[in-house]
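See structure below.
The values are calculated or read from the model by the stated rules, or taken from the named source; none is laboratory data. As the structure is a computational prediction, the values presented were derived from the model and not from experiment. Quick reminder, even Gly has a Cβ in these numbers, built from the backbone with ideal geometry, and neighbours come from all protein chains shown. Heavy atoms of the whole protein, side chains included, go into the accessibility calculation; ligands, DNA and RNA do not. Shrake-Rupley method; radii C 1.70, N 1.55, O 1.52, S 1.80 Å.
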Amino acid sequence: MFFLENIWIVPLLPAAGAALMLLFGKRLAKSLVNSICVGSVAMSFVWTVMAVLQFTHSGAPHFERVLFTWLGSGGGRMLYTLHGGGHAEFLVNAGVLLDPLSCVWLLFVTGVGTLIHIYSTGYMAHEGGYYRFFGYLNLFMFSMLTLILANNYLMMFVGWEGVGLCSYLLIGFYFHKHSASTAANKAFITNRIGDAGVILGSLTIFWLFGTFDFVKVTELARAQSATLMGTQIVMLATLALFVGACGKSAQLPLYVWLPDAMEGPTPVSALIHAATMVTAGVYMVARSNALFVLAPETMKVVAIVGALTAIFAASIGLVQNDIKRVLAYSTVSQLGYMFLALGLGAFTAGVFHVFTHAFFKALLFLGSGSVIHAMGGQQDMRGMGNLARKIPITFRTMLIGTLAIAGIPGLAGFFSKDEILWQAWSAHNGAFRYLWYVAFATALMTSFYMFRLIYLTFFGGSRMSHEVEHHVHESPRSMTVPLIVLATCSVFAGYLGVSPSIARFVGLHGETNRFEHFLAPVFDNGSEKASEGAPAEGAKDEGSPSEYLLMALSIAAAGAGWWSAKRAYAGCKDGVREPIAMAAPAVYKTLLNKYYVDEFYDKAFTGRSEVAGVRLGAIGAGEALWKVDSGLIDGGVNGTGWMTRTFGVLSSWWDAKIIDGLGVNGPAYIVRKLSYPVRLLQWGLLQWYALVMVFGVAGFLWYFVLR
């Protein structure tokens, strides 16, 4: 049990690589950088595989190990909580938790992460800041693995913020480009909105249960489900957590950062924005399933937001011309599918789609990077065409990824997507069937825009310049081998979650849903408590005619999208003619401009209709807050100061002119003026007094004697 007991080493391996790169990487040769950074992630993958094997053989529902006390002294400081109407000690232990859910995430994060690191050695070989790029990648792996292995909400939040920071660093890797730096800012600021939700939700959970630990919260929630079902406090906590999930997993209305994040290098798009970071929100909701099933209203919100995001992003992807942006909107749409499943109570189906999506979406992003590499940086599909023969490995692997995401039978995406569609149709709440129609339309759009990408890129006449066409070449083995491995996983990963009915359909008799069985301890009784959502997973009417009919409709949607894309784009030679533009120009313009959401945000927050380069609506919010601060807050402070100063001047004038002037000095002035004639006689000179006396005596004599 050595690997299981020391599972905490898994995130420390890439952390060591990141530290070496950021401290000494500039002095190291590229070969040594590759050995350290790729090797550390590969070692994490091997360690994870061994630990998961030991965990499954142990038979325990989970493995938890406390490493040290992080917050709280353990001195008995008690805080008021709602749980039991009593008090709880604020104590947070830093530790690791390994259970079936974290096993799934650890395996595909470290596995896909290793392949992307290998791919990056070829893709970034001639880029500046090579060591810095790999240092950021390793730092991201450390943060993501910390998030997954955390045993409580606060430790998870540390990893949550870490991946946000690394996203900022990697999206803005080409910092000399204004569009890249503003895209990084946009991602960072938008995610702060969601982060506030995670903080509020986590603190509400502590207020309710007196603990942040995942295991204890789950046990208390299930033990008190009868009293907590539908309460406002649980709804508040889960809604706050879902706000955080919307930010990190790019759901309406906080999805706007992810398409612009394509400014980063393509391996970044594959690692962070397809396979790992954007699934953090899904992980948090799945991890908190015991709480979400106690809040049926929140579950409805999750399902509806997921469905709306899925079709909204898919419709935008129909007309995008940048090969990476098509995949970016596809990611947003597929994340909506995952949240739709979680909102229905089909947690296993949602997690299964996360698992399969990690392989074929990473494959598609890395494949697009191989195309861009071959085209010398060209990303506009209208300037491509006829590449199938020139870069055959890239073409074949990307075709497999496209077949998988479109839901063609036999590939990974078919199994996970079909399960979500079935859960939507068979929900206890009949109104949820409307979400099936949304998901079905999304599946049709997904097939169309993905095969549109294939035909515009690899078929038809060449639309590139002669110089570019002359230099088109297949990528090196460091890039093509990861594509082949991911293509293989995109074919076979779905067979881990084959339901018995689908197993019979594809000829695998006697198979059971091993993926669902593996995750059962995590979602124990979860679906049953979502009384208004989907039925308990695994309890559906296996092999019913309606299920096979829905399966046939799903396959038909994939086929219809494929056929429509082939008909419209397979023969493009000189120029690309968009069928939507010809049929409905206004609709095409709206979709091409992404429903003007960025412009709306700019107008709402900045007062301007457009910001040059990548739009950043949060700038306007900052400007508005600055105006409030300078105009209202500082204005109030300055106004108070002005009034005080004015009253001081008036008070000084009143004291000097009225009190001292009229009240005190006025009578003195009058006495002084009236005493002037008397003061003329009182000079203080002796001879003057003698003269007056002489005149006085002479006067007396004249009056009494001489008159």
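Output the residues belonging to region 103-152 that are closer than 21 Å to residue 480 by Cβ, aliphatic (A, V, I, L, M) and open to solvent by 10 Å² or more (accessible area, probe 1.4 Å). Residues satisfying the conditions are 115, 118, 125.
All conditions but one from (1) surrounded by fewer than 17 Cβ atoms within 10 Å (Cβ to Cβ); (2) part of a helix (DSSP H, G or I); (3) not hydrophobic (A, V, I, L, M, F, W, C) apply to residue 230; the one that does not is (2). Looking at 684, 696, just one residue is modelled with pLDDT of 70 or more and in a loop (DSSP other than H, G, I, E, B), and that residue is 684. Restricting attention to region 582-604, the residues being in a helix (DSSP H, G or I), under 18 Å from residue 312 (Cα atoms) and either open to solvent by 40 Å² or more (accessible area, probe 1.4 Å) or in contact (Cβ under 8 Å) with a residue 40 or more places away in the chain (or both) number 14. Going by the structure shown, is residue 311 among the β-branched types (Val, Ile, Thr), in contact with a Ser or Thr (Cβ under 7 Å, 6 or more places away or on another chain), in contact (Cβ under 8 Å) with a residue 40 or more places away in the chain and open to solvent by 10 Å² or more (accessible area, probe 1.4 Å)? Answer is yes for this residue. Got at least one residue in region 605-626 being open to solvent by less than 50 Å² (accessible area, probe 1.4 Å), basic (Lys, Arg) and either modelled with pLDDT under 85 or closer than 19 Å to residue 455 by Cα (or both)? Yes, that holds for at least one residue. Going through 47, 70, 8 one at a time, which residue ends up being at pLDDT below 95 and surrounded by 15 or more Cβ atoms within 10 Å (Cβ to Cβ)? Result: 70 is the single residue among 47, 70, 8 that is at pLDDT below 95 and surrounded by 15 or more Cβ atoms within 10 Å (Cβ to Cβ).
For region 567-578, which positions are buried (at least 16 other Cβ atoms within 10 Å of the Cβ) and assigned to a helix (DSSP H, G or I)?
As a first pass, look at region 567-578 and keep what is buried (at least 16 other Cβ atoms within 10 Å of the Cβ): 568-569, 572, 576, 578.
Those that are buried (at least 16 other Cβ atoms within 10 Å of the Cβ) and assigned to a helix (DSSP H, G or I): 568, 569.
Residues that are open to solvent by 20 Å² or more (accessible area, probe 1.4 Å) and touching a Gly at 6+ places or on another chain (Cβ under 6 Å) were ranked within region 434-460; the one that is farthest from residue 580 (Cα to Cα) is 460.
For region 461-472, which positions are in a helix (DSSP H, G or I) and either in contact (Cβ under 8 Å) with a residue 40 or more places away in the chain or open to solvent by less than 20 Å² (accessible area, probe 1.4 Å) (or both)? Reasoning before the result, please.
Narrowing region 461-472 to residues in a helix (DSSP H, G or I): 466-471.
Correct list: 468, 471.
Can you confirm whether residue 203 is under 22 Å from residue 266 (Cα atoms), of a type in the set (A, V, I, L, M) and open to solvent by 30 Å² or more (accessible area, probe 1.4 Å)?
No.
State whether one or more residues within region 362-380 are part of a loop (DSSP other than H, G, I, E, B), open to solvent by less than 10 Å² (accessible area, probe 1.4 Å) and closer than 24 Å to residue 445 by Cβ. So far as region 362-380 goes, no, none of its residues is part of a loop (DSSP other than H, G, I, E, B), open to solvent by less than 10 Å² (accessible area, probe 1.4 Å) and closer than 24 Å to residue 445 by Cβ.
Every condition in (1) more than 23 Å from the chain's Cα centre (by Cα); (2) on the phi < 0 side of the Ramachandran plot; (3) touching a residue at least 12 places away in the same chain (Cβ under 8 Å) is met by residue 133 except one, and the failing one is (1).
Might you let me know whether region 386-396 holds any residue that is buried (at least 24 other Cβ atoms within 10 Å of the Cβ) and assigned to a helix (DSSP H, G or I)? So far as region 386-396 goes, yes, one or more of its residues are buried (at least 24 other Cβ atoms within 10 Å of the Cβ) and assigned to a helix (DSSP H, G or I).
When you scan region 209-231, do you find a residue that is under 17 Å from the mean Cα position of the chain (by Cα) and without any contact (Cβ under 8 Å) to a residue 60 or more places away in the chain, even just one? Don't jump to the end; show me each part of the working.
Within region 209-231, the first condition is being under 17 Å from the mean Cα position of the chain (by Cα), and the residues that meet it are none.
No, because not a single residue in region 209-231 is under 17 Å from the mean Cα position of the chain (by Cα) and without any contact (Cβ under 8 Å) to a residue 60 or more places away in the chain.
Pairs meeting the criteria (first residue in region 401-426 and open to solvent by less than 10 Å² (accessible area, probe 1.4 Å), second residue among the acidic types (Asp, Glu), beta carbons under 8 Å, at least 6 apart or on different chains) are 407/418; 423/537.
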